[in-house]
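Following: one structure in structure tokens, then a few remarks.
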Amino acid sequence: MSGQLRAAIVQDDATGRVLMLGWMDEEALALTRSSGLVHFYSRSRQKLWQKGETSGNTLRVVEVILDCDDDAVLVRANPDGPTCHDGSTSCFTPWLWRKILQREQDATEGSYVVSLLDDGTPQIARKVGEEAVELAVAALSESDERVVSEAADLWFHILVLLRSRGLDPAALEDELRRRDR
């Protein structure tokens with residue numbers, strides 16, 4: 001390793017979404033600038049690595065900016081696929097989404113997430129419809145606690161539906177941002 005390590009925050013140039021945090025030494029920073037692909041220094045493996053060298057999900061550099069103290073880096077980049085090792089658009093994904101991905105990966109017998117995904121998209125879509133009706137009914141005639149509970153159920157089932165279709169919740173954020181323009 002050459003020199004100090006800097007925290008390197010990678011931001012999607014198109015959406016502004018923070019994708020990940022890594023560490024760069026001088027060599028990783030120089031390679032990032034010269035190659036146009038983001039490189040990091042792995043503290044655990046004690047070596048340089050290029051993001052996407054295994055997965056193919058590289059980060060193409062748009063701009064590299066050092067902070068005022070020269071001890072942190074902001075990299076604006078265009079991702080070629082998901083950034084997180086778990087397949088998510090960003091390493092900073094919501095807790096519930098991460099939990100759904102984990103349950104799917106573990107494939108634990110008796111897991112509700114696994115059973116929903118095994119039932120397939122049509123069954124999950126029906127469940128989303130049921131939960132939406134339950135939320136609407138609660139909103140019209142039940143306590144705030146019931147509304148929150150039913151909204152949580154709906155949100156959970158929407159996320160499972162997205163997963164069944166191979167979509168990331170970041171796509172919803174992107175769509176809403178697009179509509180706001």
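Restricting attention to region 127-157, the residues that are within 21 Å of Leu96 (Cα to Cα) and among the polar types (S, T, N, Q) total 1. The combined condition, being touching an Asp or Glu at 6+ places or on another chain (Cβ under 7 Å) and acidic (Asp, Glu), is fulfilled by Glu134.
Filtering region 44-63 to residues that are touching a residue at least 24 places away in the same chain (Cβ under 8 Å) and either aromatic (Phe, Trp, Tyr) or touching a Gly at 6+ places or on another chain (Cβ under 8 Å) (or both) leaves Lys51, Gly52, Ser55, Gly56, Asn57, Leu59, Arg60, Val61.
In region 108-146, the qualifying residues are those that are modelled with pLDDT under 95 and not acidic (Asp, Glu), and the one that is nearest to the chain's Cα centre (by Cα) is Thr108.
Per-residue answers, yes or no, for (1) at pLDDT 95 or above; (2) in the same structural domain as Leu29 (by TED's automatic domain parsing); (3) within 16 Å of Phe40 (Cβ to Cβ):
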{"position": "Lys51", "(1), (2), (3)": "yes, yes, yes"}
{"position": "Val61", "(1), (2), (3)": "yes, yes, yes"}
{"position": "Val64", "(1), (2), (3)": "yes, yes, yes"}
{"position": "Cys68", "(1), (2), (3)": "yes, yes, no"}
{"position": "Leu74", "(1), (2), (3)": "yes, yes, yes"}
{"position": "Gln102", "(1), (2), (3)": "no, no, no"}
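Among the residues making up region 58-79, a single one is part of a loop (DSSP other than H, G, I, E, B) and in contact with an Asp or Glu (Cβ under 6 Å, 6 or more places away or on another chain): Thr58. Scanning region 1-53 for residues that are more than 25 Å from Glu173 (Cβ to Cβ) and assigned to a loop (DSSP other than H, G, I, E, B) yields Met1, Ser2, Gly3, Gln4, Leu5, Asp25, Gly36, Arg43, Ser44, Arg45, Gln46, Glu53.
Inspection of region 19-37 finds a residue satisfying the criterion of being surrounded by fewer than 15 Cβ atoms within 10 Å (Cβ to Cβ), more than 30 Å from Leu176 (Cβ to Cβ), at pLDDT 95 or above and in contact with a Gly (Cβ under 7 Å, 6 or more places away or on another chain).
Just wondering, is there one or more residues in region 109-117 that are surrounded by fewer than 17 Cβ atoms within 10 Å (Cβ to Cβ), more than 22 Å from Ile158 (Cβ to Cβ), out of contact with any strand residue (DSSP E or B) (no Cβ under 7 Å at 6 or more places or on another chain) and not assigned by TED's automatic domain parsing to the domain that holds Asp12? Taking every residue of region 109-117 in turn, at least one turns out to be surrounded by fewer than 17 Cβ atoms within 10 Å (Cβ to Cβ), more than 22 Å from Ile158 (Cβ to Cβ), out of contact with any strand residue (DSSP E or B) (no Cβ under 7 Å at 6 or more places or on another chain) and not assigned by TED's automatic domain parsing to the domain that holds Asp12.
The values are calculated or read from the model by the stated rules, or taken from the named source; none is laboratory data. Keep in mind that this is a model prediction, so the values were computed, not measured. A quick note on method: Cβ atoms are made from the backbone with ideal geometry, for glycine too, and the neighbour counts reach across all protein chains shown.
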